[in-house]
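One structure is given below, encoded as structure tokens.
The values are calculated or read from the model by the stated rules, or taken from the named source; none is laboratory data. What you see is a predicted model, and the numbers here were worked out from it, not measured in a lab. Glycine also receives a Cβ, built like all others from the backbone with ideal geometry; neighbour counts cover every protein chain displayed.
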Amino acid sequence: MINKELINPRSIVVVGGSNTTSKPGGNCVRNLINGKFAGELYVVNPKEKEVQGLKSYSSVSKIPQTDLAIIAIPAAACLETVTVLAEKKGVKAFIMFTAGFGEETEDGGKLEKEIVKVINGAGASLIGPNCIGLLNRYHHSLFTLPIPEMDPFGVDMISSSGGTALFIMESSMRMGLRFNSVWSIGNGSQISVEDVLEHMDRYFDPETDPKIKLLYIESIKDPDKLLEHTSSLISKGCRIAAIKSGSSESGSRAASSHTGAMANPDLAVEALFRKAGIVRCFSREELATVAAVFTLKELKGKNIAIVTHAGGPAVILTDALAKGGMEVPRLSGTPEAEELKTRLLPGTSVNNPIDILGTGGPEHLNIAIEYCDKKFENVDGIAVIFGSPGLTRVYEAYDVLDQKMSLCEKPIFPILPSVATAWDETDFFVKKGHVNFSDEVGLATALTKIIQTPRPLANNLVLKGVDIPKIRRIIDGIPESGYVAPNFVQELFVAAGIPFVPELVSDDWEKIREFSGKVHYPVVAKCVGPIHKSDVGGVVLNIRSEEHLAIEFERLMNIPDAKAVMVQPMLKGRELFIGSKYEEKFGHIVLCGLGGIFVEIFKDVASGLAPLAMEEALSMIRSLRGYKVFRGARGQKGVDEYQFAEIIVRLSALLRFATEIKELDINPLLATENGIIAVDARIRVEKN
């Protein structure tokens, strides 16, 4: 629980506060004093009479009634101290710097649970243990430095790790970011990352609350809760970026299906973030850069104009934007471009990048930005690269940039690379409330990630054409755990409205012969029984006659573990792939992609979290590296992405009501001239 005593206490006691600012308790006292905490501030230290100008109490039993207690003493003394504070001193909020609990030993974990039990019994809040504290505009209750500039419309950051939070702040401050709050969760014994998000969501005021949230997460304890509150905050106007560390865990777990081998907890995180609308980052610098972009006007498209007085960085930026799928549209050849050229220095290029030359001054920068904002309609945002070549009036140029960032309708991304030779000028610009991207590739990467992250969608489960009662009857009728018989697979797909190629499974030659004649040759024959049919020679394609089928039927039935033969008409088309795996706590991850080498070799798959809406499925398809194939490439016919998306959505609905399904492959799904149809599928269930 998060209460007012934690966020805005009237009084604080630092247990373990000291005059030694190289210790957590001492540095925290200094931060509280320097942060001008407005309430009563107490210190408990039996070895000191006075701590940094404050009266020091010899024990917690002697302090007045207090709202918030900061604990900076050894772990062994914490339970007794917390008990006195919670039960006798009315403390309703605790921040525990102390380490040495569940993160270290089993006994430490037991002690941690006892402390949490006492705090919960008093109806109090707990941040930590093993954290650096809580920083907001009311109190600076943390023991680290530096303290960033606080701003009611700054960034809210929630971090599992105190050290990581500190270093993210360092990167962010260098770019000019300001903060509203920093939550270091530590062990998260009572309050987790999800709990802080829930609080921010529940009490969010669009008029007064910050709209940028940064997350560093080491463990997602409650994916549903994280999804609910991040997507809710984003729908209310917030923008969220996050790092989830530990992404390689269990990545090599053995699995018996293609999907099982590919799907791992990291893909579950990817799917969760995509569904929520969270921009996923992989480094502190990247997270800070994305946050800095969030502070600017929103980019509404992919077209970027580059205004520069240095050609090299502009080329680097152009390449980085193009690599990420952004556009740097050609501007020359239009009346507007020719007019702009006459107003700039001789030799200026207006092609895009617009190079105003090393001798170009503030007036030329002003004109170039004005044309990009008002006259070039195929421009959505403006990147300005302006350092100090030692020839121009940098202060005046940055004044122009300051004015334009306020007045222009399109977002302007300032890249001011001269952090040494023009430090004073850059600092002057940043202190006006701006951010600075000193590296153009970092900016391009951040823009790409933001543009490619879909908005959260209403979680509307599509049930039209999906027979839920029938799905449940089929699942309940499957006798045991394991891979289900082909007849069950086909029945499930029919119930979900997923097109499936006609097939017959039998160990009776006469039935196989009769069916093959009805569907017309050529046909495909497969043995039923072995999990990996191809590995044992259990798949035969392009059987064109009854005589050939008879020979293959006998051979297939003699393969070890073969129980029957499946026969299907031979279809031609573009191979597609859909699969799903149940991931603990997250639910079903749905994977999609092009089949064949695209999935087997290149691992070009997109992930989503079931259930999926049509827009989510289309977003997954369009995020594939091989997406151009769907549009038709090199003279080949394209694929109906809408029908593919509909099948993905139907499959997600099937999974929603059949949680016993733990792994599922449709491979291949064929895009034929007559539509998309499932040719082969495997489903593994766990009963009970």
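Structure data summary
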{"item": "Residue match in the range 68-87 (condition: more than 23 Å from T144 (Cβ to Cβ), touching a residue at least 40 places away in the same chain (Cβ under 8 Å) and over 33 Å from the mean Cα position of the chain (by Cα))", "result": "yes"}
{"item": "The range 413-437, subset of a type in the set (A, V, I, L, M) and surrounded by fewer than 22 Cβ atoms within 10 Å (Cβ to Cβ), residue farthest from I306 (Cα to Cα)", "result": "A420"}
{"item": "Residue that is at pLDDT 95 or above, crowded, with 16+ Cβ neighbours inside 10 Å and either within 26 Å of L340 (Cα to Cα) or among the aromatic types (F, W, Y) (or both), where the choices are E409, E440", "result": "E440"}
{"item": "Conditions (1) part of a helix (DSSP H, G or I); (2) at pLDDT 95 or above; (3) surrounded by fewer than 21 Cβ atoms within 10 Å (Cβ to Cβ); number of the one not met by D266", "result": "(2)"}
{"item": "Complete set of residues in the range 169-194 that are in a helix (DSSP H, G or I) and under 24 Å from S438 (Cβ atoms)", "result": "M169, E170, S171, S172, M173, R174, M175"}
{"item": "Residues (surrounded by 18 or more Cβ atoms within 10 Å (Cβ to Cβ), touching a His at 6+ places or on another chain (Cβ under 9 Å) and among the hydrophobic types (A, V, I, L, M, F, W, C)) located in the range 328-353", "result": "L344"}
{"item": "Flag for S22 being under 39 Å from the mean Cα position of the chain (by Cα), closer than 17 Å to L134 by Cβ, assigned by TED's automatic domain parsing to the domain that holds V84 and among the hydroxyl-bearing types (S, T, Y)", "result": "no"}
{"item": "Unmet requirement for G325, which otherwise passes all of (1) touching a helix residue (DSSP H, G or I) at 6+ places or on another chain (Cβ under 8 Å); (2) part of a helix (DSSP H, G or I); (3) loosely packed, with under 14 Cβ neighbours inside 10 Å", "result": "(2)"}
{"item": "Residues of the range 73-112 classified as touching a Phe, Trp or Tyr at 6+ places or on another chain (Cβ under 7 Å) and part of a helix (DSSP H, G or I), total", "result": "6"}
{"item": "Selection within the range 473-510 - loosely packed, with under 14 Cβ neighbours inside 10 Å, in a helix (DSSP H, G or I) and charged (D, E, K, R)", "result": "R473, D476, E510"}
{"item": "Conditions (1) assigned to a loop (DSSP other than H, G, I, E, B); (2) in contact with a Cys (Cβ under 8 Å, 6 or more places away or on another chain): number failed by I70", "result": "(1)"}
{"item": "Single unsatisfied condition, N130 versus (1) surrounded by 15 or more Cβ atoms within 10 Å (Cβ to Cβ); (2) at negative phi; (3) of a type outside the set (S, T, Y)", "result": "(2)"}
{"item": "Positions within the range 637-654 being assigned to a loop (DSSP other than H, G, I, E, B) and within 24 Å of the chain's Cα centre (by Cα), in sequence order", "result": "none"}
{"item": "Members of the range 32-51 that are touching a residue at least 40 places away in the same chain (Cβ under 8 Å) and surrounded by 23 or more Cβ atoms within 10 Å (Cβ to Cβ)", "result": "L32"}
{"item": "Breaking point among (1) crowded, with 22+ Cβ neighbours inside 10 Å; (2) under 16 Å from G176 (Cα atoms), for A397", "result": "(2)"}
{"item": "Among (1) modelled with pLDDT under 95; (2) crowded, with 21+ Cβ neighbours inside 10 Å - the single one L6 does not satisfy", "result": "(1)"}
{"item": "Total residues in the range 284-322, condition assigned to a loop (DSSP other than H, G, I, E, B) and not charged (D, E, K, R)", "result": "6"}
{"item": "Scan of the range 52-61 for residues that are surrounded by 14 or more Cβ atoms within 10 Å (Cβ to Cβ) and not hydrophobic (A, V, I, L, M, F, W, C), ordered by number", "result": "Q52, S56, Y57"}
